[in-house]
1. Would you check which residues across region 70-111 are assigned to a helix (DSSP H, G or I) and touching a His at 6+ places or on another chain (Cβ under 9 Å) and list them?
2. Would you confirm, using the coordinates I've provided, whether ASP85 is more than 16 Å from the chain's Cα centre (by Cα), closer than 24 Å to SER131 by Cα and touching a residue at least 24 places away in the same chain (Cβ under 8 Å)?
3. Counting only residues that are closer than 15 Å to ARG76 by Cα and not charged (D, E, K, R), how many does region 88-116 have?
4. I'd like to verify a number: residues in region 86-120 that are acidic (Asp, Glu), under 15 Å from ILE141 (Cα atoms) and surrounded by fewer than 16 Cβ atoms within 10 Å (Cβ to Cβ), how many?
5. Considering every residue within region 46-57, establish whether at least one is in a loop (DSSP other than H, G, I, E, B), touching a Ser or Thr at 6+ places or on another chain (Cβ under 8 Å) and surrounded by 15 or more Cβ atoms within 10 Å (Cβ to Cβ).
6. On the given criteria, is GLY74 in contact with a helix residue (DSSP H, G or I) (Cβ under 6 Å, 6 or more places away or on another chain), at pLDDT below 95 and under 28 Å from LEU155 (Cα atoms)?
7. Between residues in region 51-68 that are within 18 Å of ARG103 (Cβ to Cβ) and residues that are part of a strand (DSSP E or B) and basic (Lys, Arg), which pairs lie under 9 Å by C-beta distance while being six or more apart or on different chains?
8. What number of residues within region 112-151 satisfy the criterion of being under 24 Å from LEU63 (Cα atoms) and of a type outside the set (A, V, I, L, M)?
Amino acid sequence: MFNIVLLEPQIHTNTGSIGRMCVNANCVLHLIKPFGFIIDDKHLRRAGLDYWARLDVRIYENLSEFYAKNAAAGKRSFFATTKTDNLYFEASFEPGDYLFFGREDAGLPVALLKENENRCITIPMSPEGRSLNLATSVGIITYEAIRQNFKHFNLRKGIK
């Protein structure tokens, strides 16, 4: 299992889609306020379909509360950003890792990235692009982490 951490998510459809992915990937979703939407917004639930009721979601008032309740996050975390040259597929993920993603409009805070410079990772993109959709980025990195550790996961290989 991996821990997906969204710091101040702003778009309900992204968060709903990420929640759906977390259920399918056996991941915990950690949401750190403030949000750009209301958590019980019908659109958030629609994006997550009927998966939202089965999602292990944990909500925090701020980053300090998150770290106080998740001591392991200080040791095994990765921070997705466009502000590094460290490629996500060159990182070595382990079950239980925390994968951090920032706001759709701003990414993760620069101070947080500087504190964790050696654990920042990026998804390569063409020179014409600035960034990827948050839900897409979370899916890419999460499934690379699963690929590296597939034997530890109880995931089916297909529908029969």
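The values are calculated or read from the model by the stated rules, or taken from the named source; none is laboratory data. Please read all numbers here as calculations on a predicted model, not as lab measurements. For neighbour counting, all protein chains shown are included, and Cβ atoms are generated from backbone atoms with ideal geometry for every residue, glycine included.
1. Applying the first criterion (assigned to a helix (DSSP H, G or I)) to region 70-111 yields 71-74, 88-90, 110-111.
Matches in region 70-111: ALA73 only.
2. When the stated conditions are applied, ASP85 passes them.
3. So the answer is 13.
4. If we filter region 86-120 for residues that are acidic (Asp, Glu), which is where we start, we get 90, 94, 97, 104-105, 115, 117.
Add one more test, that the residue is under 15 Å from ILE141 (Cα atoms), and what stays is 90, 94, 97.
Now restrict to residues that are surrounded by fewer than 16 Cβ atoms within 10 Å (Cβ to Cβ): 90, 94.
The total comes to 2.
5. Yes, region 46-57 contains a residue that is in a loop (DSSP other than H, G, I, E, B), touching a Ser or Thr at 6+ places or on another chain (Cβ under 8 Å) and surrounded by 15 or more Cβ atoms within 10 Å (Cβ to Cβ).
6. Spelling it out, it is not the case that GLY74 is in contact with a helix residue (DSSP H, G or I) (Cβ under 6 Å, 6 or more places away or on another chain), at pLDDT below 95 and under 28 Å from LEU155 (Cα atoms).
7. Close Cβ pairs (under 9 Å, with a partner that is part of a strand (DSSP E or B) and basic (Lys, Arg)) amount to PHE66/ARG58.
8. Of the residues in region 112-151, 14 are under 24 Å from LEU63 (Cα atoms) and of a type outside the set (A, V, I, L, M).
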